[in-house]
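Quick notes on the structure that follows.
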Amino acid sequence: MKLKALFLAATLAAGAMAPQAQAADIQTRLIRFGYGLNQDSNQGRAVQVFADEVAKLSGGKMKIRAIGAAALGSDIQMQQALIGGAQEMMVGSTATLVGITPEMAMWDTPFLFNSGEEADKILDGRAGQMLMEKLSDKGLVGLVYWENGFRNLTNSQKPVTRVEDFGGLKLRVMQNTVFLDTFQRLGANAIPLPFSELFTALETKTVDGQENPYNTILSSKFYEVQKYLSITNHVYSPWIVTASKKWWDGLSADERDVLLKAAVVSRDFERKDTRAEADKALAQLKADGMQINEVAPAEIERMRETIKPVNEQIKQNVGPAVWQAVQNQLKAIRQG
Ligand code: TK8
């Protein structure tokens with residue numbers, strides 16, 4: 001009796017929450033959404049927000065099945081599953097898309113952005129949208145960019161305080177030629193590996209170090225296998241939420257609308273959450289036993305100079321139009 005009343009109340013509440021969903025052209029759908037980090041990470045939390053929002057906006061008809069910790073495969077494996085139509089959605093680094101869409105290398109430009117807010121404007125603006133649209137020829141649909149964040153260096157050998165310290169370090173890099181080139185120029189022995197293999201590679205000393213934002217160093221427990229954290233902020237990495245185009249093309253306009261709206265809600269949540277966590281992460285990593293060093297501005301400048309030629313490769317990847325659009329927009333933002 002009591003249960004039945006509860007059920008009725010819940011049904012009414014669901015109906016009241018999304019009246020338009022009742023009339024809209026929305027079917028019952030199970031959507032597999034894969035991601036690489038742990039459930040207890042900024043990525044996992046935002047996927048949950050997306051899932052809740054999709055359920056709310058679709059009156060419970062569209063159900064996101066969130067699958068984290070790379071259980072559906074690495075970024076690159078999931079991208080292929082999306083292209084083939086075997087998986088519906090995912091979130092991963094734009095850097096892992098460069099093999100498919102070379103223009104995405106734009107976001108791998110070292111020291112491109114000065115702040116997360118600057119990145120938001122470019123990514124959500126014309127340039128970001130231009131690059132997202134490039135995905136559709138390749139069987140993918142880009143929905144929104146999330147913040148992965150500014151990347152910093154960790155390793156098990158020594159504090160990195162100057163360019164010379166990269167020498168001899170075996171560093172895992174993301175699987176893309178820009179990252180490979182960047183760290184080779186700095187003198188490291190750069191080894192491309194999927195993120196899903198990274199913890200084990202660090203633990204077994206297959207590699208000495210890696211680079212990722214504070215949030216990831218924390219949520220992936222890299223502090224358990226890495227002693228030194230050197231603050232370089234050498235590049236800002238976006239994540240991008242994508243869908244299988246094969247699948248997307250079969251959705252109704254209302255269903256797409258639900259996904260796009262929920263994606264924007266998840267994006268706004270994710271950026272706030274990530275920044276709040278990043279602000280506290282250094283203290284936490286220190287408490288977890290990491291030795292942290294800042295890199296002096298003059299040394300950062302030397303790193304910047306050393307890897308400047310990488311920009312030429314990026315320009316070739318992205319083409320002069322995109323490159324110039326980003327530079328112009330940045331200039332406009334910086335002039336206020
Ligand atoms: C997670 C990766 C990760 C990225 C990396 O799947 O590979 O280092 O920073 O966030 O996309």
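Rule-based calculations on the coordinates, nothing more; no lab input. All figures in this text were calculated on a predicted structure; none of them were measured in a lab. Here the Cβ positions follow ideal geometry from the backbone for every residue, glycine too, while neighbour counts run over all protein chains shown.
Applying 0.36 nm per residue to the separation of residue 115 and residue 291 and subtracting their alpha-carbon distance, the gain on full extension is 60.9 nm. Each Lys and Arg contributes +1 and each Asp and Glu -1, all at the Cβ; summed about the Cα centre of the chain, the dipole is approximately 480 debye. An ellipsoid equivalent to the range 249-336, defined through the eigenvalues of its Cα gyration tensor, has semi-axes of 33, 28, 14 Å when rounded to whole angstrom and sorted largest first.
Placing a label point 7 Å from the Cα of residue 227 along the Cα-to-Cβ direction, the residues of the range 152-183 whose backbone N falls under 13 Å from that point are 155-160.
Candidate cross-link partners of residue 286 among the lysines, defined by an alpha-carbon separation under 22 Å and a same-chain spacing of 8 or more, comprise 158, 205, 221, 227.
Diffusion of the range 30-111 by Stokes-Einstein, at 25 °C in a medium of 0.890 mPa s and with Rh set to the Kirkwood radius over alpha-carbon pairs, works out to 181 µm²/s. Shown is the FRET efficiency for residue 203 and residue 283, computed with R0 = 25 Å from the Cβ-Cβ distance and rounded to the nearest 0.05: 0.55.
Dimensions of the range 147-223 from C-alpha coordinates, computed as largest minus smallest value along each principal axis and given longest first, are 29, 25, 22 Å.
At the listed q of 0.08, 0.13 Å⁻¹, the Debye profile of the chain, built from one uniform point per Cα, gives log10 I(q)/I(0) equal to -0.40, -0.98. When the charge dipole of the range 249-302 is built from unit charges on Cβ atoms (+1 for Lys and Arg, -1 for Asp and Glu) and taken about the Cα centre, the candidate among 265, 298, 278 whose Cα reaches farthest toward its positive end is 298.
Dipole of the chain computed with +1 at Lys/Arg Cβ and -1 at Asp/Glu Cβ about the Cα centre; of 99, 228, 182, farthest Cα towards the positive end is 99.
Extending 7 Å from Cα along the Cβ direction at residue 184 and again at residue 65 yields two label points whose distance is 4.1 nm. Secondary-structure-derived ellipticity at 222 nm for the chain, considering helices only, amounts to -15000 deg cm²/dmol, per-run term -39500 (n - 2.57) for DSSP H runs with n ≥ 4.
Each peptide among 91-98, 173-180 gets the average number of other Cβ atoms lying within 10 Å of its residues, and from highest to lowest they stand as 91-98, 173-180. Residue 236 sits among other residues whose Cβ lies under 13 Å from its own Cβ, and their net charge, with Lys and Arg +1 and Asp and Glu -1, is -2. Positive end of the dipole of the chain (Cβ unit charges, origin at the Cα centre): among 329, 167, 289, the Cα lying farthest that way belongs to 289. For the range 94-175, the percent of C-alpha pairs falling in each 10 Å distance bin, counted from 0 to the bin holding the largest distance, reads 14, 41, 28, 15, 2. For the range 200-294, the convex hull spanned by the alpha carbon atoms encloses 127 Å³ per residue.
Site pair residue 275 and residue 39 shows an inter-label distance of 2.9 nm when each label is modelled 7 Å from Cα along Cα→Cβ. Of the Cα atoms belonging to the range 40-176, the radius of gyration and Dmax stand at 17.3, 58 Å.
Around the amide H of residue 153, modelled in the peptide plane, lie the amide H atoms of 230, 232, 233, all under 5 Å away and 5 or more residues distant in sequence or on another chain.
Per residue, the convex hull spanned by the alpha carbons of the range 117-275 comes to 128 Å³.
Extent along the principal axes, Cα only, for the range 130-173: 43, 19, 17 Å, with the longest axis given first. For the range 256-298, treating each Cα as an identical point scatterer without solvent, what Debye log10 I(q)/I(0) comes out at q = 0.25, 0.28 1/Å? Rounded to two decimals, the profile gives -0.86, -0.92.
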